[in-house]
Amino acid sequence: MSVSDIQLQNNVKAVLAAAGTKARVLAATKTVDAATVNKIYDMGVHLIGENRVQELLEKLPLLDKRFEIHFIGRLQRNKAKYIVGKVALIHSLDSAELAQEIEKQASRRGIVQDCLVEVNLGGEQAKGGVALEELDGFLQRISGFEHIRVRGLMGVVPKTEEKEKLSAFFTKITKKFIDIKHQNVDNSNMANVSMEILSLGMTHDYVTALECGSNLIRIGEGIFGARAYPPAAEEN
């Protein structure tokens, strides 16, 4: 479903107002054409995120060059070569194997690729992400990579309408985020790991995420309106 320019502007204003100075707003642009995406830059949203490699590659030449572009979908190892160096931040680093591939591709390009570690808070097998209890070990494992810089965490939570459950999930990862940040202040062994970005919250739960400490929210439907997805696709 397309959204009018007036509605688009109203949606952007509402999300920006809710985020205030607490968080950056990332527009999740899956299935949205580049011409529509480009409109939101001058409305105040300067950060966008794509879920699918092919869609990102098709849109890149058409997108306003002023955008900061992130990759927010699950990234298969064999597709990392298409993404590394083309986005400012990969939100979905969730395995040592993917980290090795990102490291290899970034090394070849002579760059350092910024990433977030994706954390699966509900233990859902259908979703990617490192289990919270395995996060410390995972960070230690990738701390030696010279061409990856971990800048924070991206949390994936189970869908629920119960605010208390959502708050519990969000609070748990926020606490871990803060703990790691404090631990790493003087930890030279984790020089490539910092906790600057906590990416929590999508269209239906971003208000709760903001209350729990998120400083980056990923909004799709809340900006671009309802969209049609192929079976098994997920909305951000």
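Observations on the structure shown:
- Entries in 39/86; 22/172; 127/163 that, when Cα-Cα distance is taken, lie over 23 Å: none
- Taking the Cα centre of the chain as origin and assigning +1 to Lys and Arg Cβ atoms and -1 to Asp and Glu Cβ atoms, the resulting dipole is close to 460 debye.
- For residue 76 and residue 109, the difference between the fully extended length at 0.36 nm per residue and the C-alpha to C-alpha distance is 10.0 nm.
- Between residue 182 and residue 96, the modelled label-to-label distance comes to 2.9 nm, taking each label 7 Å out from Cα in the direction of the beta carbon.
- Taking every Cα-Cα distance in the stretch 1-155 and sorting them into 5 Å bins from zero, the calculated P(r) comes out as 2, 9, 17, 19, 18, 16, 11, 6, 2, 0 percent.
- Centre separation in Å (Cα based) which lies between the stretch 119-170 and the stretch 35-71: 25
- The simple Förster model, with R0 at 22 Å and r as the Cβ-Cβ distance, assigns residue 36 and residue 57 a FRET efficiency of 0.75.
- The HN-Hα couplings worked out from phi for the stretch 39-50 by the Karplus form 6.51 cos²θ - 1.76 cosθ + 1.60 (θ = phi - 60°) are 5, 7, 4, 6, 7, x, 9, 10, 10, 10, x, 10 Hz, whole numbers, x standing for Gly and Pro.
- The chain: DSSP helices with Cα axial extent of at least 27 Å and average Kyte-Doolittle hydropathy no lower than -1.0: 163-183
Each reported figure results from applying straightforward, stated rules to the coordinates on display, with no laboratory input. Just so we're clear, the structure is a prediction, and the values are computed from it rather than from any experiment. Neighbour counts run over all protein chains shown; Cβ positions are idealised from the backbone, glycine included.
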